[in-house]
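A quick write-up on the structure given underneath.
The values are calculated or read from the model by the stated rules, or taken from the named source; none is laboratory data. From a predicted model like this one, the values you see are computed outputs, not experimental measurements. Note that each Cβ is placed from the backbone with ideal geometry, even for glycine, and that neighbours are counted across all protein chains shown.
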Ligand SMILES: [Zn+2]
């Protein structure tokens, strides 16, 4: 329930006359940490202060990382201040210097902050060297410097990987859903269809004739370029239609842990969405004659690309 709603409820309660209880409730509400947390969560800032974010976002939420979803956003950065996205308390931090004899985690030096209401944020691959008095200062204000960007852990090239989670970490959300908008006016790139057969693959282009004997996994290369065409980032929405019927639609706003699998809000797991590093349309058994596939991709700013493939299939034994 948001604050406005609570106040409106209290107002109507007031009109029903019990002034004493009304005043008591208001005092309770103002004094409650919930009041601050509710207003805080609507107002997180980006962890790096820069006006060139659109060119420095190198990876987005939900991308394929071989066998799992990329669970955050990557900002290309070296030795810059990292700001806490909101106020809260430090719940976890690990630096190599804490235990030089133990193996390095994939996250490298990292910090997790609890913002209340089950919301957490995490910052990975930090440069060695904690902020002064960091271990003693557990209360963090929004915008406080919590470390410097680096290249520790599994990281090729200095960058900040950061994560925003809800429900005490059981749901990881796309930071773009709550942070201020980043400029992006270019629609996603959609490549050729790819028919995979074990380690071999072949492209299917619009207007082609293909000979096939059975069903095969069909995938497609899609990426969002951002303002600079050099980026290869994940997209926000993908939709695949085969012979004029939508067979898969997915939106990358959050992933949550269902049993032992992370699934997105469409209920799809990693293996439903990706195959060998590309977006997975499905194991398709084309009919003899003309077939068509429509691929739609949308980036987070609503820029959309649609590509149609019509091809002729010759079924062979
Ligand atoms: Zn990352």
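For the stretch 68-80, which positions are in a loop (DSSP other than H, G, I, E, B) and over 22 Å from residue 255 (Cβ atoms)?
Those that are in a loop (DSSP other than H, G, I, E, B) and over 22 Å from residue 255 (Cβ atoms): 77, 78, 79, 80.
Anything in the stretch 81-90 that is within 16 Å of the ligand (Cβ to nearest atom) and either at pLDDT below 95 or in a loop (DSSP other than H, G, I, E, B) (or both)? List them, or say none.
The answer is 85, and nothing else.
Among the listed residues 42, 57, 53, which satisfies the condition of being within 27 Å of residue 265 (Cα to Cα) and modelled with pLDDT under 90?
Step by step, each of 42, 57, 53 is checked, and only 42 is within 27 Å of residue 265 (Cα to Cα) and modelled with pLDDT under 90.
For the condition over 30 Å from residue 276 (Cβ atoms), free of Cβ contacts under 8 Å to residues at least 24 places away in the same chain and out of contact with any helix residue (DSSP H, G or I) (no Cβ under 6 Å at 6 or more places or on another chain), what is the one hit in 80, 131?
Result of the check over 80, 131: 131.
Among strands (runs of 3 or more DSSP E) lying entirely in the stretch 103-221, which contain 2 or more residues that are within 16 Å of the ligand (Cβ to nearest atom), within 15 Å of residue 92 (Cβ to Cβ) and in contact with a strand residue (DSSP E or B) (Cβ under 6 Å, 6 or more places away or on another chain)?
Fully inside the stretch 103-221 and qualifying: 109-116, 119-126, 159-166.
If you scan the stretch 67-79, which residues turn out to be farther than 17 Å from residue 176 by Cβ and within 16 Å of the ligand (Cβ to nearest atom)?
Listed by number, the residues that qualify are 67, 68, 77, 78.
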